[in-house]
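Structure record follows, encoded as structure tokens.
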Amino acid sequence: MINYFKRNISLTIGLGLLIFLILFTVHGLLTIEFKQAYPLAVRPKQPPSLKYLFGTDFFGRDLYTAMVVGVWQTAIIGLLAGAAGTIIGIVLGFISAYFSGLVDAAIKFICQILTPIPAFLIQVVIASSIDKRDVTIITMAVVVFLLSWMAPTLVIRSQVLSMRERQFVAVAKLSGMNSLEIIFKEIFPNLLPFIAAAFVAQVFQAVFASFYLAVIGLGPLREPLLGNTIWAAQSQSAFFNGWWWWPVGPSLAMILILGSLALINMGLDEMANPRIRNKE
């Protein structure tokens, strides 16, 4: 196992960054005062210091506290939307590939029609049509999830189609297994690396989508999401006013989150796809 992690550098670095972010968030959640992540809690426009590690913003929020809460909220959106998209993709992919026929044609047709549609534009239209007072973390996850299930559906479908023709499935049929037993006992366990990679990819896309929606002012504005903090810094011209520290922290956090997820996805793809594995 250790030798494999030494060889799979992408997965090792990605997991290392993710563990660092988890430890940072857990430690922060255990030590911060949550009220300081919201306006009028501390003295505004203070540069980084021992008292305020990442400084404070124009609205009187402790940016360290805001970043801890923002990373946690971003993780919630990513995990909820990524899990929902992946689960629906698994269900539809298995149904489409294993049972084929009209059901397969219908699912494949819908996915192929919806996949080319620019998700960003649709998400902006949906998010902008929601009353700002009704936008929450859960709302953001739902908006992001609505267009996130097609890709995993097509990926899982193609993998099931490939495995359905393999010898171990034919042997399972001859042994008297029914369709559900073959799916859950034979095919599904062999697809776990692909499913893990699909899940990480969906979380990446969900985090990125929630970030850019918040950056353009379509997130739950009172919540300290990383994108909201950057949007607020832009709206108050933070750099021009000399408050350089305001957008720096959330920007670096977002880079670390997306970078870790991208590296983990690359590592899992290498694990799942023997064609791109590095040689021992």
**Fill in**
Rounded to the nearest 500, the 222 nm mean residue ellipticity computed for the chain from DSSP H runs (n ≥ 4, each -39500 (n - 2.57)) alone is -22000 deg cm²/dmol
**Request:** Averaging over all projection directions, find the projected area of the Cα convex hull of the range 92-153 and quote it in nm² with one decimal place.
**Result:** 4.8
**Request:** Please work out the C-alpha center-to-center distance from the range 200-229 to the range 59-117 and express it in whole Å.
**Result:** 14
**Proximal lysines to Lys6, defined as alpha-carbon separation beneath 20 angstrom and excluding residues fewer than eight positions away on the same chain** = Lys279
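Largest first and in whole Å, give the semi-axes of the range 54-105's equivalent ellipsoid, each being the square root of 5 times a Cα gyration tensor eigenvalue.
Working: eigenvalues 400, 13, 5 Å².
Equivalent ellipsoid semi-axes, largest first: 45, 8, 5 Å.
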**Fill in**
For the chain, the dipole about the Cα centre with charges only on Cβ (Lys and Arg +1, Asp and Glu -1), to the nearest 20 debye, works out at 280
**Request:** Please get the size of the charge dipole for the range 1-129, origin at its Cα centre, with Cβ charges of +1 on Lys and Arg and -1 on Asp and Glu, quoted in debye to the nearest 20.
**Result:** 320
**Request:** Please compute P(r) over all alpha-carbon pairs of the range 148-191, binned at 5 Å starting from zero, and give each bin as a whole-number percent.
**Result:** 5, 23, 29, 21, 12, 6, 2, 0
**Request:** Taking every pair of Cα atoms in the range 185-280, average 1/r, invert it to obtain the Kirkwood radius, and report Rg/Rh to two decimals.
**Result:** 1.18
**Request:** From the C-alpha gyration tensor of the range 71-217, pull out the three semi-axes of the equivalent ellipsoid (sqrt of 5λ each), sorted largest to smallest, in whole Å.
**Result:** 34, 16, 11
**Straight-distance crosslink candidates among aspartates and glutamates, where the alpha carbon sits under 15 Å from Lys173 and sequence neighbours closer than 8 are dropped** = Glu165, Glu181, Glu186
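For the ranges 93-103, 79-89, what's the packing order if you count other beta-carbon atoms within 10 Å of each residue, average per peptide, and put the highest first?
On the way: 93-103: 17.5, 79-89: 21.1.
Going from most to least packed, we get 79-89, 93-103.
Here, each number is a calculation from the coordinates, and none is a lab measurement. Worth saying up front: this structure is predicted, and the values here are computed from it rather than measured. Every residue, glycine among them, receives a Cβ derived from its backbone with ideal geometry; neighbour counts consider all protein chains shown.
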